[in-house]
1. Checking residue 102 against (1) within 16 Å of residue 29 (Cα to Cα); (2) within 16 Å of ligand 1 (Cβ to nearest atom); (3) over 13 Å from the mean Cα position of the chain (by Cα), which test does it fail?
2. Yes or no: residue 81 at pLDDT below 95 and out of contact with any strand residue (DSSP E or B) (no Cβ under 6 Å at 6 or more places or on another chain)?
3. Among the candidates 120, 134, single out the residue that is modelled with pLDDT of 60 or more and at negative phi.
4. Looking at (1) away from ligand 1 (no atom under 11 Å from the Cβ); (2) in contact (Cβ under 8 Å) with a residue 12 or more places away in the chain, can you tell me which one residue 42 breaks?
5. Take the residues of the stretch 102-116 that are surrounded by fewer than 20 Cβ atoms within 10 Å (Cβ to Cβ) and without any contact (Cβ under 8 Å) to a residue 40 or more places away in the chain: which is farthest from ligand 2 (Cβ to nearest atom)?
6. For residues that are under 19 Å from the mean Cα position of the chain (by Cα) and surrounded by fewer than 18 Cβ atoms within 10 Å (Cβ to Cβ), scanning just the stretch 63-84, find the one that is farthest from ligand 1 (Cβ to nearest atom).
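The values are calculated or read from the model by the stated rules, or taken from the named source; none is laboratory data. None of the values given here were measured: they were computed from a predicted structure. Glycine also receives a Cβ, built like all others from the backbone with ideal geometry; neighbour counts cover every protein chain displayed.
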Ligand SMILES: *[C@@H]1O[C@H](CO)[C@@H](O)[C@H](O)[C@H]1NC(C)=O
Ligand SMILES: [Cu+2]
């Protein structure tokens with residue numbers, strides 16, 4: 001009995017810790033980037049996206065764009081300028097809220113005919129919102145995140161022990 005509870009606590013600790021420090025950068029299309037005739041649905045299928053992660057769209061500036069749209073815009077390939085259209089060729093999108101997110105290319109018929117459309121589902125973080133950074137350097141930030149992860153994990157384990 002005691003050992004299995006300890007196991008659960010250990011696993012929970014590990015999971016919370018892993019989730020809290022692993023903000024991930026997803027290169028859309030991997031080395032192919034954001035391009036014509038790539039199957040982005042298959043690319044996204046085996047990936048898990050969390051709040052705090054980022055998407056990176058790589059392409060030659062001028063050849064494509066990245067437009068955030070809603071489900072209707074995705075189905076019908078309609079971009080909306082008010083949502084902001086990214087054109088830099090190295091567009092970094094940070095996933096700030098959970099839920100379904102839709103991105104399409106706004107150039108020509110790339111969305112309609114060349115499959116330049118991506119839909120993902122962003123999952124909520126398992127831990128509380130990101131801590132206010134104490135240090136400004138990236139390494140300091142990571143340290144804070146790790147410490148924060150431990151605190152959250154410890155707290156979670158204590159809660160589990162009370163069950
Ligand atoms: C989707 O976006 C289009 C264009 O930006 C807008 O006109 C429409 O109202 C939106 N639909 C929903 C369901 O939000
Ligand atoms: Cu395009």
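1. (3)
2. Considered against the rule, which asks whether it is at pLDDT below 95 and out of contact with any strand residue (DSSP E or B) (no Cβ under 6 Å at 6 or more places or on another chain), residue 81 comes out as yes.
3. Going through 120, 134 in turn, the sole match is 120.
4. It is condition (2) that residue 42 fails.
5. So, considering only residues that are surrounded by fewer than 20 Cβ atoms within 10 Å (Cβ to Cβ) and without any contact (Cβ under 8 Å) to a residue 40 or more places away in the chain, the one farthest from ligand 2 (Cβ to nearest atom) is 102.
6. The qualifying residue farthest from ligand 1 (Cβ to nearest atom) is 84.
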